[in-house]
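Okay, structure first, notes after.
Any read-out appearing in this document is the output of simple, stated calculations on the displayed coordinates, not a laboratory observation. These numbers come from a predicted model, not from an experiment. All Cβ positions, glycine included, derive from the backbone under ideal geometry; neighbour counts span all protein chains shown.
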Amino acid sequence: MSNSNDRVNFGSRIGAILASAGSAVGLGNIWRFPYETGNHGGAAFILLYLVCILVMGLPIMIAEFSIGRHSRANTAGSYKALAPKSAWQGIGYMGVLAGFLILSFYSVVAGWTLEYTWQAVANNLTDKTPDEFATLFTTFSQDPWRPMLWMVVFMIMTHVIIIMGVKKGIEQSSKIMMPMLFVLILVLVGCSLSLPDAEKGLTFLFKPDFSKLNPDVFLGAMGQAFFSLSLGLGCLSTYASYFGKDTNLGKTAASVAVIDTMVAIMAGVIIFPAAFSVGISPDAGPSLLFITLPNVFQMAFADMPLLAYVLSIMFYILLALAAFTSTISMHEVVTAFVNEEWKVPRKRAAVYVTLGCITLGVLASLSFGPLNDFKILGLSIFDFLDSLTSKVMLPLGGMLISIFTGWKLEQRIVWDEISNGGKLKVPLFKLYVFILKYVAPIAIGLIFVNELGLF
Ligand code: PFF
């Protein structure tokens, strides 16, 4: 099991980091992080989010990497190999289901990025008032057909990369797109900060108001940390099953967490100054990015319309690409499972996954328009899928992964993986195991209990 060589590997160390970062960095950072921050009152939420990254995200990511690289299997297969015939396999199955559900609603928003790329190319994102930008988004998202078609296009694009295979498809695309996105985000940070009243946005982002803390803020911050790091569903363990023997798991995890957090914070620095500057409420929800950003281009480059035009096209293309490296990773979790566990040839497995996600994605997309009144536990289909996965399934998965690695997995394996068979020095090893055994599971458990109002 552990050394079978018939699985493909990522070609290089940087390839492993970039592919994992490509999975982590996506709409979760640039679209979801700002609107969750806005919904939960700003800086205090961000502070909790950072704590979650540090005490849960980073250690659990290393644990996921260890499980994946050691077993060299899809997420369900790895628990089968490491804990045969035990209930631990449930972690794998729940992860595959979470990957499938997230991909279904995520691809709807990914489709929106294609619409905005299209609108940018057609020069429709200029000469508008903030209200007109808001109307543009509402009209589009409520339309039954357009968002659905873009969602299907996005799923088909993802499908194509998945059948091209891991190395050619995933690694190469991440290597080019990630650095480009990073540079463009930096440019936009500069633009947004130059807008009038930018300080108000920065205050909202960085000056915590602890009176805003309540159980929902804790749960929201934890959910965002898991969602943003692609954690708790076996996505990074699936990618780690393609890592080479000398990939340094601790360093890779730290790089991914730092890159991911930086992109999220920078997205906040782009969105909030702009939102305050043009009077958009920070709690506008999923529409926040799409109604705020066009204003940034228009106002920051008022005297240089051509530059605004080119940069906005580039931004939406890169946003779509960031979403793309994430949808690929989710698709890979489910496809590798169907392929290896159900013994369905890889290409056919990919077709099943794509068709399944499109079906659920159609419902998620329609929940902004014709199906808006259909509620599950008071939430639209889209919001229900989002909350169920990020606020329940991923943290629960993370908690179980943490307990599994801390208590059940042979400690020799835990050590071998993090130290590459004793080759690397790991000064914080004891702390790492202590966090996995106690800190992370208890913290996640407390946040769940707190949310249920049991305190
Ligand atoms: N981390 C991705 C983002 O922030 O956009 C979303 C995601 C990708 C979640 C892969 C889960 C996953 F398995």
Between Asn214 and Leu149, the FRET efficiency computed from the C-beta separation at R0 = 35 Å comes out, to the nearest 0.05, as 0.30
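Please report, in debye to the nearest 20, how large the charge dipole of the chain is about its Cα centre when each Lys and Arg carries +1 at its beta carbon and each Asp and Glu carries -1 there. Intermediate values should be presented prior to the final figure.
Working: 29 positive and 27 negative charges, 379 e Å.
Approximately 1820 debye in magnitude.
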Here, Leu446 and Leu431, labelled 7 Å along Cα→Cβ, have an inter-label distance in nm of 1.9
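Per-residue ellipticity at 222 nm for the chain, helices alone: DSSP H runs ≥ 4 residues times -39500 (n - 2.57), over residue total, nearest 500 deg cm²/dmol? Show your work: numbers first, answer last.
Numbers: 21 runs with 312 residues, N = 455.
That calculation yields -22500 deg cm²/dmol at 222 nm.
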Looking only at lysines whose Cα falls under 26 Å of Lys128's and that sit 8 or more positions away or on another chain, we get Lys200
Taking the dipole of the stretch 165-248 about the Cα centre (Lys, Arg +1; Asp, Glu -1; charges at Cβ), the one of Gly232, Met177, Leu195 that reaches farthest to the positive side is Met177
In terms of the alpha carbon gyration tensor, root eigenvalues a ≥ b ≥ c, rounded if a/c is under 1.5 and otherwise prolate when a/b exceeds b/c or oblate, the stretch 174-313 is oblate
Most exposed to least, judged by fewest other Cβ atoms within 10 Å, Trp112, Trp342 sort to Trp342, Trp112
Hydrophobic long helices for the chain, i.e. whole DSSP H runs reaching 27 angstrom or more by Cα along the axis with Kyte-Doolittle mean at least 1.6, come out as 146-164, 172-193, 249-278
The farthest towards the positive end of the charge dipole of the chain, of the residues Leu18, Gly369, Ile270, given +1 on Cβ of Lys and Arg and -1 on Cβ of Asp and Glu, is Leu18
The extension gain from Thr203 to Thr138, computed as 0.36 nm times the residue separation minus the Cα-Cα distance, is 20.6 nm
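Order of Ser20, Ser211, Ser71 from fewest to most other C-beta atoms within 10 Å? Display every interim value, and only then the final one.
Numbers: Ser20 31, Ser211 8, Ser71 21.
Ascending Cβ contact count within 10 Å gives the list Ser211, Ser71, Ser20.
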Per the C-alpha gyration tensor (a ≥ b ≥ c, the square roots of its eigenvalues), the stretch 276-326 is rounded if a/c is under 1.5, else prolate if a/b beats b/c, else oblate; here it's oblate
Gyration tensor on Cα atoms of the stretch 319-455, a ≥ b ≥ c root eigenvalues, a/c under 1.5 rounded, else prolate if a/b beats b/c, else oblate, says oblate
1/(1 + (r/R0)^6) with r = Cβ-Cβ of Leu306 and Leu47, R0 = 35 Å, i.e. FRET efficiency to nearest 0.05, evaluates to 0.30
Straight-line reach check, Lys251, cutoff 18 Å on alpha carbons, 8 or more apart in-chain or any other chain, hits among aspartates and glutamates -> Glu64, Asp260, Asp416, Glu417
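So for Phe182, Phe272, Phe218, fewest C-beta neighbours within 10 Å to most, what's the order? It would help to have the intermediate numbers written out before the result.
On the way: Phe182 17, Phe272 27, Phe218 21.
If I rank by nearby Cβ atoms, fewest first, I get Phe182, Phe218, Phe272.
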For Lys80, the lysines lying under 19 Å Cα to Cα, once residues fewer than eight places off in the same chain are dropped, come out as Lys343, Lys408
